[in-house]
Amino acid sequence: MYTFSNKLRLGSFIAMGLGFIFLVIGFMSAPSTVEEAKAMVAVHDDGHGGGHAEAATESHGDQGHGAEASHGEEHDSSHDEHLLSQLKNRPWSALYVAAFFFFMISLGVLAFYAIQRAAQAGWSPLLFRVMEGITAYLVPGGIIVFVILLLSAMHMNHLFVWMDSEVVAHDELLQGKAGYLNPTFFLIRAAIFLGGWIFYRQYSRKLSLAQDESDDNTNFVKNFRWSAGFLVFYLVTESMMSWDWIMSVDPHWFSTLFGWYVFASMFVSGITVIAMVTVYLKSKGYLEDVNNSHIHDLAKFMFGISIFWTYLWFAQFMLIWYANIPEEVTYYVARFQDYKLPFFGMLVLNFVFPLLVLMNSDYKRINWFVIMTGIVVLFGHYLDIFNMIMPATVGDQWFIGLPEIGGILFFGGLFVYWVFTALTKAPLQPKRNPFIEESRHFHY
Amino acid sequence: MASKVIQALYNDDDVLMHAVKKVRAEHHHIEEVYTPFPVHGLDKAMGLADTRIAITSFLYGCLGLTVAVVMMNFIMIEDWPQDIGGKPSFSYLENMPAFVPIMFELTVFFAAHLMVITFYLRSRMWPFKKAENPDKRTTDDHFLMEIGLHDNENELAELLWETGAVEVKVTEKES
């Protein structure tokens, strides 16, 4: 049995506390009037490279489009209000990005776990308890994301412009989409997705623990069937989730492979966290039977899925960029103009770095190498989510400051606390998994 | 110069693996093992050095990438400047995304083909080469271990029979 080390527990509490304070400061310092917003931008402009006015018109493209066209002459004042809403959105976006990021890690691990179960993989059963520990965060993480979506639907923030009936009234495209994109149906879908994922997670965990105590393999077989069924449900719902929760912040823009792209991001982040938690537990003397071949396999997945992510990212980008259709290409124009550093930095962190560092097969077996690459990859995929949400919600007013760091600290702390608490609940090595011997002797 | 070798035949890969480990433990130098299929872990048991083909593959990939960059730069930018995707920048860097598929494919193409050719040459296989395997049965269901002799014929034969060989013979080998 694993015992949660006091140092780590304390660390997670400190992170949560600090993150909470940062987030509160972020919310408090958001402007509430147009004058305040203008004053803030005036102060910031020096450091921000100026050029606000021209950049903002570009990033408007999507959101206030309908509203703007009808306002023509009042452009100036509507522009200021737009700025206010961007600045008000910033702490909410920071909260949402971090909440979604850590939730997505546990969802990615759940998918990986279900694949191992459905494929009856022989190498991985030793890591099942680690994966189950990480997926435990699905419950609080999912509920938090749902609450944020609920607050958006209650107009506490403007993350999703299509939720604003004022905007929809002036926007023919959004009116056409209203049958699907309306707050009620949106929340019902979110509840169905989360309900299904959490149900599978809890039930599979129950079967997994029951298998340890039983004297036949019925629980194992049942788990296999549920996992295969879950994967079908997951592939459909994950895709729809990515349209709903992420793509709809740019409600005019769409990409047909967006679901896969988000999936690749969560899959590689999840696998990275499995590897990092495994290496951590091994360094503390747990998981004696996990050998460096297991780590090698996880690192191979990190390497492979990083490249898969890049492939999808590029496939999406190239088609839209060279098709050059105005309502589609603005998505990238906004990112090229206002998000140069996070946008291209993310490519370096998520592609170039893992490609070069994890290419050598010997390096995949070196623990500190895997941890170091893991940290870089996780940061890169945080930036990926950041780049998906921020351009639509805060435009060129982005910055990685207190609310963003606070979000990472708070949810990171909660994630660590919840995952490691779940790890203490059951022995780290499954006893009666029929493949446990194969996994123990896994050697490459 | 012809050298004397002893050859032991086995009909099971597990027996062969144990035999290889035992012979190595007795400090005899195994010259070669002929098998009808790749035996997992045999290279490690024989103490062969790790393959360096991965390094050559990386270098060939770099070569392919360079060829692609130089080629596309010449064709699409210098020789006959093209307006790609309605973005007439005429700079390689700004048009680079359009060339990524070509850069990728040529990297893979060079790495794969040159690696295979390197592998054949390094294994000393080329067209019209006479087969090296000393016994035709090694292409079917037998495994053959070959050890160089240094006036220790009887001692080695005894050891090989002990390891479960189905046949042991001494022959001259051209080399």
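The values are calculated or read from the model by the stated rules, or taken from the named source; none is laboratory data. Keep in mind it's a predicted model, so treat the numbers as computed, not measured. Please note: Cβ atoms are built from the backbone with ideal geometry, for glycine as well, and neighbour counts cover all protein chains shown.
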All positions within segment A:66-88 that are at pLDDT 75 or above and among the acidic types (Asp, Glu): A:80, A:81
Quickly run through segment A:321-367 and pick out the residues that are surrounded by fewer than 15 Cβ atoms within 10 Å (Cβ to Cβ), within 12 Å of chain B (Cβ to nearest Cβ), without any contact (Cβ under 8 Å) to a residue 24 or more places away in the chain and part of a helix (DSSP H, G or I). A:323, A:326, A:336, A:356
Filtering segment B:61-72 down to residues that are within 14 Å of another protein chain (Cβ to nearest Cβ) and either without any contact (Cβ under 8 Å) to a residue 40 or more places away in the chain or not small (Gly, Ala, Ser) (or both) yields B:62, B:65
Counting only residues that are more than 23 Å from residue A:106 (Cα to Cα) and of a type in the set (Ser, Thr, Tyr), which one in segment A:183-222 is modelled with the lowest pLDDT? A:214
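Based on this model, can you work out whether residue B:52 counts as within 14 Å of chain A (Cβ to nearest Cβ) and closer than 28 Å to residue B:131 by Cβ? Can you show your working first?
Numbers: within 14 Å of chain A (Cβ to nearest Cβ): yes; closer than 28 Å to residue B:131 by Cβ: yes.
Criteria met by residue B:52.
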Per the list (1) crowded, with 23+ Cβ neighbours inside 10 Å; (2) within 16 Å of the chain's Cα centre (by Cα), residue check on residue A:387 breaks on (1)
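Look at residue A:306 and say whether it is over 19 Å from residue A:365 (Cβ atoms), crowded, with 21+ Cβ neighbours inside 10 Å and away from chain B (no Cβ under 14 Å). Step through it out loud before you land on a result.
Numbers: over 19 Å from residue A:365 (Cβ atoms): no; crowded, with 21+ Cβ neighbours inside 10 Å: yes; away from chain B (no Cβ under 14 Å): yes.
Considered against the rule, which asks whether it is over 19 Å from residue A:365 (Cβ atoms), crowded, with 21+ Cβ neighbours inside 10 Å and away from chain B (no Cβ under 14 Å), residue A:306 comes out as no.
Taking residue B:135, is it more than 14 Å from chain A (Cβ to nearest Cβ), surrounded by 13 or more Cβ atoms within 10 Å (Cβ to Cβ) and of a type in the set (Asp, Glu)? Spell out the reasoning first.
Details: more than 14 Å from chain A (Cβ to nearest Cβ): yes; surrounded by 13 or more Cβ atoms within 10 Å (Cβ to Cβ): yes; of a type in the set (Asp, Glu): yes.
Yes; evaluated as a whole, the condition is true for this residue.
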Just for segment B:73-105: of the residues that are more than 21 Å from residue A:313 (Cβ to Cβ) and among the hydrophobic types (A, V, I, L, M, F, W, C), which one is nearest to the other protein chains (Cβ to nearest Cβ)? B:76
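Yes or no, residue by residue, for (1) within 26 Å of the chain's Cα centre (by Cα); (2) under 28 Å from residue A:321 (Cβ atoms):
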residue	(1), (2)
B:52	yes, no
B:70	no, yes
B:84	no, yes
B:94	no, yes
B:98	no, yes
B:101	no, yes
B:105	yes, yes
